1. Tell me which of these A:Gln142 doesn't satisfy, since it passes every other one: (1) within 14 Å of chain B (Cβ to nearest Cβ); (2) open to solvent by 10 Å² or more (accessible area, probe 1.4 Å); (3) of a type in the set (S, T, N, Q).
2. Restricting attention to the range A:193-211, and to residues there that are more than 14 Å from chain B (Cβ to nearest Cβ) and open to solvent by less than 40 Å² (accessible area, probe 1.4 Å), which single residue is nearest to B:Ser62 (Cα to Cα)?
3. Before we move on, is A:Ile190 of a type in the set (A, V, I, L, M, F, W, C), within 14 Å of chain B (Cβ to nearest Cβ) and either open to solvent by 10 Å² or more (accessible area, probe 1.4 Å) or farther than 30 Å from B:Ala24 by Cα (or both)?
4. Which is at pLDDT 95 or above, open to solvent by less than 40 Å² (accessible area, probe 1.4 Å), touching a strand residue (DSSP E or B) at 6+ places or on another chain (Cβ under 7 Å) and of a type in the set (A, V, I, L, M, F, W, C), of B:Ala45, B:Ala17, B:Ala24?
5. If you take the residues of the range B:114-137 that are over 18 Å from B:Ser76 (Cα atoms) and either of a type in the set (A, V, I, L, M, F, W, C) or at pLDDT below 95 (or both), which of them is surrounded by the most Cβ atoms within 10 Å (Cβ to Cβ)?
6. Could you check the range B:50-83 and list, in sequence order, the residues that are open to solvent by less than 20 Å² (accessible area, probe 1.4 Å), closer than 24 Å to B:Glu151 by Cβ and at the interface with chain A (Cβ under 10 Å from one of its Cβ atoms)?
Amino acid sequence: MRGGMPAESRKERKGEIMKKKEAKKIMSGAHAVAEAVRLCRPDVIPMYPITPQTKISETIAEMSADGSLDAEIIRVESEQSAISACVGASAMGVRTYTATASQGIALMHEILFIASGLRLPIVMGVANRSLSAPINIWNDQQDSVSQRDAGWIQLYVENAQEAFDTHVQTFKIAEETRLPTMVCLDGYLISHTYEPVNILDASSVSRFLPRYKPKVSLNPSNPIAMGTLATPEHFMEFKKQQQEAMENATGVIKRVNREYASVSERSYGNGLIETTNLDGKEHAIITMGSVAGTARSMLEKEGIGMIRVKAMRPFPKEDIIKACQNIRSVGVLEKDVSLGSEGSLYTEVRSALYNTGSKPKVLGFIAGLGGKDITLDDMKNIMKKIKSEKENVSWV
Amino acid sequence: MIEIRAHGRGGQGAVTAMEILAKAAGLDGKYTQAFPNFGVERRGAPVRAFCRISDEPITIRSQVYEPDYVIVLDPSLSNLPEISSGLKQDSVILINSNNSHNFKEKTYHFDATTLALDVLGKDIVNTAMLGVFAGVTGLVPLEPILSVLDERFNGKVAELNKQLVERAYNETRGE
């Protein structure tokens with residue numbers, strides 16, 4: 001199209017872009033998430049509030065009360081009940097959503113494995129917050145990172161716009177792969193921050209995400225059983241199928257990212273990772289979530305590239321290897337720690353790079369736990385250390 | 001990029017003020033970001049909230065450490081060292097107070113409490129101080145602030161707050 005577009009349609013196109021730009025509204029990340037949920041038309045939303053997710057459930061409850069969201073809201077007595085109700089509803093074959101954080105997702109732990117084992121495409125927002133003790137209501141990513149073995153797809157977003165966009169994409173990804181999916185947004189830093197968000201119109205979302213048609217569901221007139229006993233003979237077969245579904249999910253996530261771009265003009269890297277300023281660079285920072293924004297503001301000045309990991313599960317091993325091909329050293333900055341080992345993302349990045357020929361040096365940075373602010377000075381020091389190529393794990 | 005830090009006490013509306021300012025600047029075509037200092041919310045405790053306004057998209061997520069403007073809603077906070085923490089040579093303090101203070105930075109004081117008591121009948125000055133900010137700095141026009149108030153509040157509350165902002169704006173304009 002470059003250069004070949006007639007003047008009139010260029011003008012039209014510019015008008016369209018202006019219209020899209022004007023459609024941006026200043027809202028909190030929590031509100032953007034609720035808007036996405038409403039547009040995706042789930043049938044059942046079991047909810048239990050917890051800081052800093054509460055703004056999501058409050059806004060959804062308001063939408064239900066004013067009639068603009070037509071879903072059955074189930075008020076439950078705990079997060080374990082919320083996710084259990086999701087399992088029941090999703091098994092009946094309806095689109096199902098919930099949201100939680102911190103102690104809430106920890107309380108769901110047992111049922112998370114059941115949701116994924118039953119292959120139920122539940123979508124869950126996680127407003128990331130630390131885990132007690134000591135009690136702390138602020139942001140880090142320990143809560144969802146600790147659930148990485150539960151068989152759920154996990155996508156981490158950088159800002160309110162991406163929280164909106166990823167929620168819309170995620171219902172499609174979950175339903176196609178039959179894998180439950182978490183959209184992880186940093187508590188407060190995204191959930192409570194007001195910033196510009198472009199909300200897609202309802203007809204675009206309906207076209208992108210048609211009504212959910214389950215392949216299998218519970219139905220009294222055609223009874224089946226779900227979650228029956230699997231003997232040692234069969235149990236591993238189930239796990240192998242879940243593993244294969246995760247491997248296939250990488251292709252689905254990439255394709256849905258492209259399809260979404262065609263309705264919204266927005267996409268995020270290849271859907272699994274997003275690289276910035278990486279061409280010709282010898283050093284890169286690897287991170288997840290909103291802190292990528294702070295890093296982003298310094299990449300050019302510091303002369304380093306960035307690989308933002310959007311998908312923690314399925315882990316984009318091949319994409320990271322490819323992105324690191326010409327890199328001498330990478331620093332993995334993360335808001336979680338596997339106590340007695342190192343940061344979880346660090347372990348996985350290092351493992352992915354172990355068998356590659358180039359094998360860059362990998363530094364680890366544990367930062368921002370329990371809401372500790374990651375300042376521009378912190379980021380400058382991190383980038384300086386990455387450029388020094390001295391492998392170690394440090395606490396910022 | 002302009003960075004603003006608001007100081008108030010829990011319940012005085014510093015967080016809401018920054019939200020309204022961000023929305024108003026957004027209506028004016030700017031990129032904006034507003035967020036609280038995520039403290040434990042307690043009525044009466046000192047709270048901080050932040051706002052960034054820029055012509056370019058804002059990606060940075062850290063707190064504001066070197067603000068261009070500081071807005072102080074409660075005169076009793078003026079002795080807190082954090083009011084002038086990180087201020088640059090040309091930073092400006094806008095304080096709700098009926099007397100001048102001995103900040104070494106450029107300071108503008110305005111008696112928003114008396115005005116709010118007159119218009120609202122209550123000592124709630126967060127919106128009035130937005131009128132002062134718009135009047136003194138000219139960084140955000142009056143009209144989008146009024147539109148946001150209409151969207152954010154209902155009926156009489158919206159009307160009175162609009163009157164309050166407009167009066168604070170007119171009394172401080174171009175100072």
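1. A:Gln142 satisfies every listed condition except (1).
2. Of the range A:193-211, the ones more than 14 Å from chain B (Cβ to nearest Cβ) are A:200-211.
Of the ones still in play, those that are also open to solvent by less than 40 Å² (accessible area, probe 1.4 Å) are A:200, A:204-205, A:208-209.
Details: A:Leu200: 28, A:Ser204: 34, A:Val205: 33, A:Phe208: 35, A:Leu209: 35 Å.
Ranking the candidates gives A:Leu200 first.
3. Numbers: of a type in the set (A, V, I, L, M, F, W, C): yes; within 14 Å of chain B (Cβ to nearest Cβ): yes; either open to solvent by 10 Å² or more (accessible area, probe 1.4 Å) or farther than 30 Å from B:Ala24 by Cα (or both): no.
Here the answer is no, as A:Ile190 does not meet what is asked.
4. On the way: B:Ala45 fails: at pLDDT 95 or above; B:Ala24 fails: touching a strand residue (DSSP E or B) at 6+ places or on another chain (Cβ under 7 Å).
It is B:Ala17.
5. Within the range B:114-137, the subset over 18 Å from B:Ser76 (Cα atoms) is B:118-121, B:127, B:130-137.
Narrowing further to those that are either of a type in the set (A, V, I, L, M, F, W, C) or at pLDDT below 95 (or both): B:119-120, B:130, B:132-134, B:136.
On the way: B:Val119: 20, B:Leu120: 18, B:Leu130: 31, B:Val132: 26, B:Phe133: 29, B:Ala134: 24, B:Val136: 19.
Among them, the one singled out is B:Leu130.
6. B:Phe50, B:Cys51, B:Arg52
Yes or no, residue by residue, for (1) at pLDDT 95 or above; (2) in the same structural domain as A:Ser206 (by TED's automatic domain parsing); (3) of a type in the set (Ser, Thr, Tyr); (4) closer than 19 Å to A:Ile190 by Cβ:
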residue	(1), (2), (3), (4)
A:Glu237	yes, yes, no, no
A:Glu247	yes, yes, no, no
A:Val291	yes, no, no, yes
A:Ala295	yes, no, no, yes
A:Glu300	yes, no, no, no
A:Met306	yes, no, no, yes
A:Lys310	yes, no, no, yes
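The values are calculated or read from the model by the stated rules, or taken from the named source; none is laboratory data. None of the values given here were measured: they were computed from a predicted structure. Ideal geometry is used to build each Cβ from the backbone, glycine not excepted, and the neighbour counts take in all protein chains shown. Ligands, DNA and RNA are stripped out before the accessible areas are found, and what is left, the full protein with its side chains, is counted by its heavy atoms. Shrake-Rupley method; radii C 1.70, N 1.55, O 1.52, S 1.80 Å.
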